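The values are calculated or read from the model by the stated rules, or taken from the named source; none is laboratory data. Remember, it's a predicted structure, so these values are computed and weren't measured experimentally. Glycine gets a Cβ as well: all are built from the backbone with ideal geometry, and neighbour counts include every protein chain shown. Please note that ligands, DNA and RNA were not included when accessible areas were found on the heavy atoms of the full protein model with its side chains. Shrake-Rupley method; radii C 1.70, N 1.55, O 1.52, S 1.80 Å.
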Amino acid sequence: MKLKYRVIPKGAADGAMPLDWVFIDEKDIKKAALTNFEAVKVIANEYKNSYAAVDIVDLDAVSVTSDGIMNPIAVTAIASVDHGMVNKTYGYMPISETPEYEGIFEDEPHMRQWHLDQFKGKPLFRGPNAKDRGTERAGHNENMTLTGRIANNNCGSEAFNMVEMTEALVFMSAANELMRDGEVTVCVAGPEVSVGIGMVVSERWGRIFGSANLGGYKAGMSAHNSGEYAKTVKSDYPAFAAPKEKFMKLMLDALDTGLIVGRHLGPSPALMCTAHAYGTPIDIDHISDRAWIELESVGISKEEMSKPVAKPYTREEMIAHAEEIIPGMKNAKRYKASEVVDIKEVEVDPTTIA
């Protein structure tokens, strides 16, 4: 039996990627008659002389970005492998399905996107529950795995080589493109992306925050909470994203349901500029003073966002002008998935995964 997987190898995208990052479709794991953890051990055996981050994904499920936008892909387990090893305690973490609990749409209004036709009825995976995390992980906010030099953080969207002090970002929208043979854009993340990552929504069992209780950071607040420094936190890392016109469609879908940036959705630079150009409401006063400091540090001012545009763009115009409307990811280069991903198959040896 063979296991199929995809990897963004170190050096991909004209040298941008600093480490190997493996993605496995859950369907391919089932075809190989493996559990998710066994699949990770198979990958670890392939890396006896190297190291990699590993994301297991479900293309028939949904998840949510840190600022609250639903995507048609979910990470169902993360792992770190280094020279054939998977740390027994910290190297692997499953991510269980997030249930539709009573009151979810009141507690987490951004989840109204779950009613959209393209997402309705699909299982939701965000962050780990208490059982997934285990008893030996500290109660901090980072949902990550660690083996040797490799950390896989925030439920599979950031990976680090902790010896070389290098990091890469693969956003959910990019993972979706890579798994479906689409296109991605790659460049240094820049200050707008760095600020945007911190503009979170409150969730139970979130990818970054929240457990059985809602996370303490609510829409309109900054989880980075670090003033002008926020624009530097992730600014110099290589970032893989979906082309802006594709991510624009997802944001417009959310706004078309009546969700309001700053009240229901996180005030990331991307969402702020999209809502402003589209003429949909922004809850200016619900955005905290600390969040405004971070936004204004990247040129998004309270004064400007308070002024309605003379003529809002239509949906079609928003998509056509996505490149200029969505800030950040400047000078990004577009790649076909096949140009940055290697598709591999490995023969499964049952004796090595027992």
Solvent-accessible surface (1.4 angstrom probe) belonging to W114, in square angstrom, nearest 10 | 20 Å²
Among V184, V201, V233, which one moves the most in a GNM of the chain with springs linking Cα atoms closer than 10 Å?
-> V233
Please tell me the relative contact order of the chain in percent, rounded to the nearest whole number, where contacts are Cα pairs under 8 Å and at least six residues apart.
-> 19 percent
Eligible aspartates and glutamates near K249 by straight Cα distance, threshold 16 Å, same-chain separation 8 or greater | D67, D117, E177, E183, E316, E317, E323, E324
Taking K330 as the anchor, which lysines have their alpha carbon closer than 19 Å to its alpha carbon, excluding any fewer than eight residues away along the same chain?
-> K231, K234, K244, K246
With every protein chain present, what accessible area does M1 have (1.4 Å probe, heavy atoms only), rounded to the nearest 10 Å²?
-> 120 Å²
Please report how far the C-alpha centroid of the range 287-320 lies from that of the range 99-160, rounded to the nearest whole angstrom.
-> 28 Å
Residue-span extension gain [E106 to K307] - 0.36 nm each, minus C-alpha spacing | 69.4 nm
Shape metrics for the chain, restricted to C-alpha atoms - Rg then Dmax, Å = 19.6, 67
Highest GNM mean-square fluctuation, the chain, Cα pairs closer than 10 Å: which of G206, G216, G156?
-> G216
Sticking with the crude label model, points 7 Å out along Cα→Cβ, report the distance from N213 to L59 in nm, one decimal please.
-> 4.0 nm
Under 11 Å from a point 7 Å along the Cα-to-Cβ line of A33: which residues of the range 330-354 have their amide N that close?
-> 350
